[in-house]
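Asker: Structure incoming, see below.
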Amino acid sequence: MKFTFLGTGGAFDVAYGNSAALVEFKGHTLLLDCGFTVYPTLREHQLTRGIDYILLTHLHNDHTGSLANVLLHCHYFNPNCRPTILYPDDDFRDELYEFLRLQLQKPEKYAEFMPLSELPGITALDTYGLHAERLQTYAYIFEDHGERLVYSGDIGQPEALFAYLRGMPPKATTVFHDITFSEQNTAHTYYKKLIPLAQDYHIYGYHCDPTKSPTDNPFPLVYHQPELMLSSLLQEAMH
C-alpha cells in the first residue's frame, strides 16, 4: 500500500498543486481527489491510463475540478480505460452524479459507479459539517497487510477522526492530515489542535503552503518527504 501525492497545496496554493494522491491498494491504482490541477499533472506524466478507481473526499473545486476532464480523456484517448468511481453512500453518489451530469450529460457513459463497501479495506468516516457548514465530507482509512493509512480530507475539527481511530484495534497508523497555520482558518485543522492527539500516530501535514510553516510546528509536511511525492514515482519508473 503506497500513497504518491500529486499535489499538497490548498485551494489557493497553486504552486504546490491541489492535494490529491495516487494510492496503490491491493493491486489497483486509486485516484484520491481530483482538483483542478490534477488532470494537467496526470497528463504531463502520462498517468491517466493507470487509474482503476476514483475516490473523493468532497465536491469542492480543489478536489473535483478536473474530474470530468480525467473521465473524458480516459474515454477518448485511453483504450479500455473506464475508471470506477467509488461512493461511500447513496446520497453522496446522487450529489456526485448530478455534479458530473452538468458537465458530461450522461456520466455513466464515462465511468462505472460502485459502492465503496465492495472494495474491502477502505473505511469512510462521515465528517459532515466539519469543513464547511452543511457540506458532506469524508475521511478515509485504508488497511492492508497489517498497515493502516488515514487521509483526513478537509476538516477543521479533528477530534471525531481521532476518536474513531482510538476505537479501532491498535495498529501502527500513519495519518495524512490537512493542516493550516492560521488559527482564523476554521475550515482546516490548526496545527496546534493536532499536538495533543499525536502521541500514538505518525502524522504528516498536507493541504497547505509549506513556506508558511512556523518554527514550532512539530509535524513533518508531505511536501518535504520525497518518498511520498510524485517525483519518487517517476524516478522508480525510470529505473
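Rundown of residues vs (1) in contact with a Gly (Cβ under 9 Å, 6 or more places away or on another chain); (2) in a helix (DSSP H, G or I); (3) of a type in the set (Asp, Glu); (4) surrounded by 17 or more Cβ atoms within 10 Å (Cβ to Cβ), yes/no style:
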| position | (1), (2), (3), (4) |
| --- | --- |
| Leu71 | no, yes, no, yes |
| Phe99 | no, yes, no, no |
| Tyr128 | no, no, no, no |
| Leu135 | yes, no, no, no |
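Asker: Could you list all residues from the range 49-106 that are of a type in the set (S, T, N, Q) and at pLDDT 95 or above?
Answerer: Hits for the range 49-106 are Thr57, Asn61, Thr64, Ser66, Asn69, Thr84, Gln103, Gln105.
Asker: Which condition number in (1) without any contact (Cβ under 8 Å) to a residue 60 or more places away in the chain; (2) in contact with a Gly (Cβ under 6 Å, 6 or more places away or on another chain); (3) within 22 Å of Glu95 (Cβ to Cβ); (4) not hydroxyl-bearing (Ser, Thr, Tyr) is the one that His63 fails?
Answerer: All conditions are met except number (1).
Asker: Looking only at residues that are crowded, with 22+ Cβ neighbours inside 10 Å and of a type in the set (S, T, N, Q) in the range 9-36, which one is farthest from Ile141 (Cα to Cα)?
Answerer: Going through the qualifying residues, I end up with Asn18.
Asker: Name the one entry in Leu194, Leu234 that is at pLDDT 95 or above, assigned to a helix (DSSP H, G or I) and of a type in the set (A, V, I, L, M).
Answerer: One residue alone meets the criteria, Leu194.
Asker: Only residues that are within 13 Å of Gly9 (Cβ to Cβ), of a type outside the set (D, E, K, R) and either in a loop (DSSP other than H, G, I, E, B) or in contact with a Gly (Cβ under 8 Å, 6 or more places away or on another chain) (or both): list them for the range 197-210, please.
Answerer: Step one: list which residues in the range 197-210 are within 13 Å of Gly9 (Cβ to Cβ), which gives 205-210.
Imposing the further condition that a residue be of a type outside the set (D, E, K, R) reduces the set to 205-208, 210.
Scanning the range 197-210 gives His207, Cys208.
Asker: Count, please, the residues in the range 30-59 that happen to be within 26 Å of Thr123 (Cα to Cα), of a type in the set (Ser, Thr, Tyr) and in contact with a strand residue (DSSP E or B) (Cβ under 6 Å, 6 or more places away or on another chain).
Answerer: Total satisfying the criteria: 2.
Asker: Being closer than 23 Å to Val14 by Cβ and surrounded by fewer than 17 Cβ atoms within 10 Å (Cβ to Cβ) narrows it down to one of Ser152, Ser213, Ser182, so name that one.
Answerer: Every option except Ser182 fails the conditions.
Asker: Six or more apart or on different chains, Cβ under 6 Å: which pairs go from a residue in the range 1-22 that's over 19 Å from His58 (Cα atoms) to one that's of a type in the set (Asp, Glu)? Could you list them?
Answerer: Hits for this filter: Met1/Asp144; Met1/Glu147; Lys2/Glu24.
Asker: In addition: Please state which one of Asp62, Asp94, Asp89 is touching a Leu at 6+ places or on another chain (Cβ under 9 Å), among the acidic types (Asp, Glu) and under 18 Å from Tyr128 (Cα atoms).
Answerer: Sole residue among the options that is touching a Leu at 6+ places or on another chain (Cβ under 9 Å), among the acidic types (Asp, Glu) and under 18 Å from Tyr128 (Cα atoms): Asp89.
Asker: Determine the pairs where a residue that is on the phi > 0 side of the Ramachandran plot, located within the range 121-139, has a partner that is in a strand (DSSP E or B) and surrounded by fewer than 18 Cβ atoms within 10 Å (Cβ to Cβ) with Cβ atoms under 8 Å apart, the partner being 6 or more residues away or on another chain.
Answerer: Partner pairs satisfying both residue conditions: Gly121/Asp144.
Asker: Another question, then. Please count how many residues of the range 15-48 are on the phi < 0 side of the Ramachandran plot and not in a helix (DSSP H, G or I).
Answerer: Within the range 15-48, residues that are on the phi < 0 side of the Ramachandran plot and not in a helix (DSSP H, G or I) number 19.
Asker: Of everything in the range 148-173, what is assigned to a loop (DSSP other than H, G, I, E, B), in contact with a strand residue (DSSP E or B) (Cβ under 6 Å, 6 or more places away or on another chain) and polar (S, T, N, Q)? Give them in sequence order. First the steps, then the outcome.
Answerer: Applying the first criterion (assigned to a loop (DSSP other than H, G, I, E, B)) to the range 148-173 yields 152-158, 167-172.
Adding the requirement that they be in contact with a strand residue (DSSP E or B) (Cβ under 6 Å, 6 or more places away or on another chain) leaves 152-154, 171.
Matches in the range 148-173: Ser152 only.
The values are calculated or read from the model by the stated rules, or taken from the named source; none is laboratory data. Computed from a predicted structure; not experimentally measured. Here the Cβ is made from the backbone with ideal geometry for all residues, glycine too, and neighbour counts use every protein chain on show.
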